[in-house]
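Please read the structure below before turning to the comments.
Read the figures in this text as sums done on the coordinates, not as results from a lab. Because the structure is predicted, anything quoted here is derived from the model rather than measured. Cβ coordinates were reconstructed from backbone atoms using ideal geometry, including for glycine residues, and neighbour counts include every protein chain displayed.
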Amino acid sequence: MDRVNSIPVVVLAGFLGSGKTTVLNHLLTHRGGTRIGVVVNDFGSIEVDAMSVAGQLGDSMVSLGGGCLCCAVDGSELDAYLEKLADPVHRIDVIVIEASGLAEPQEMIRMLVANENPAVRYGGMVQVVDAAEFDATRIRHPETDRHLSVADLVLLNKTDRVDAGERTRIEEVLGGLCAPGIPVVGADHGRIDPELLFDRRPWEQTRGQLSFEDLLAQAHDHDGGADDHAGHVHAAYESTEFVSEQALDPRRFIEFLDRRPAGLYRIKGFVYFGVPGHQERYEVHAVGRFLRFSPHPWGRGEPRLTQLVLIGSGTDGPGLLRELEACREAQPQHGRPESMWGVLRYVDRPAEPEQEPGPEQEPGPEQDADPEDF
């Protein structure tokens, strides 16, 4: 498997009591038809019974037990579990690692980035912070500041337990501890829209086959729809869509990404640059400040265009669209190869220059990929 078609691995980190397991439970119960592989140190209170009964769990969850993930010798134990989950038989869409409360995120990121398995790729690190215990946690764990400095997105959990003034103060402190531009997303009871971390597939793809979603629907009907508001976390975010039949200038687009506002949590889609030697369809995936491009061949007859979805809170949608409009390039064929250097910095493995299929050459399976699968 080429790394451009690999499974993203998202790290969910945070100290004990921050609410990581609650966040993971929320992701699992609001995943739609997405197949999530989970790696945890300890099952704890993760709600897996229904998944086990539904046959949806099976080999899709593994436990390292006996220590932090970052303590696995040379990462070999973690590598083995990732290889197991990435087996095509499981059809996993995304892998979430719930790190031990005492894990070192830097080491975990290092292991994932250095992982040579082309079936998986690092997909970003989310640091969960307990708003109610923020100051106490920093006193007990001075390494908190270091952990925050490597986060791609910070989830400020339990915001329902602090007043508006205290939340503002904490967000200001986090702004000084995190790298510039790192978004801070507020949540209560771990409710975060899964779309901020990965693409959800619709329920219809799995329902009717004793799936996890069927059991959730049955439970929902049984309890009369309790906690129904939990399914509407997306109401807190705005989505902006951008489509362009004209190519985008790679330098201007990278400048747009570099200065994107902290409230812009997620960017997904694909971009057409049209620069000679780099005319592939570049899938873009951003979670917080984490950014990755993956080049793919175009399907036979597929129109060359850019399609992006930007998800955030408090963002200026029309302003974002104006900035993207300014990235258009009318004559990409005159672009110089070095203009792509900024993009290629974020490509795991640059693809070979695109070749149009000849009359006797049929496109491979990857060329038939559904554009909706980004």
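A few comments on the model shown:
- Three-way shape call for the range 111-182 based on the alpha-carbon gyration tensor, with the a/c threshold at 1.5: prolate
- All lysines inside 26 Å of K268 as judged from Cα atoms, apart from same-chain residues fewer than 8 positions distant: K20
- Once the chain from E77 to A136 is taken as fully extended at 0.36 nm per residue, the excess over their C-alpha distance is 17.9 nm.
- Inter-centroid distance (Cα atoms) of the range 90-164 relative to the range 282-349, Å: 27 Å
- Rounded to 0.05, the FRET efficiency of the E143 and R345 pair, given R0 = 22 Å and the Cβ-Cβ distance, is 0.15.
- Residue by residue, the range 175-187 carries 3J(HN,Hα) couplings of x, x, 8, 8, 5, x, x, 5, x, 10, 9, x, 7 Hz when phi is fed to the Karplus relation 6.51 cos²θ - 1.76 cosθ + 1.60 (θ = phi - 60°); x denotes Gly or Pro.
- FRET efficiency, K84 to E107 (Cβ-Cβ, R0 35 Å, nearest 0.05): 0.95
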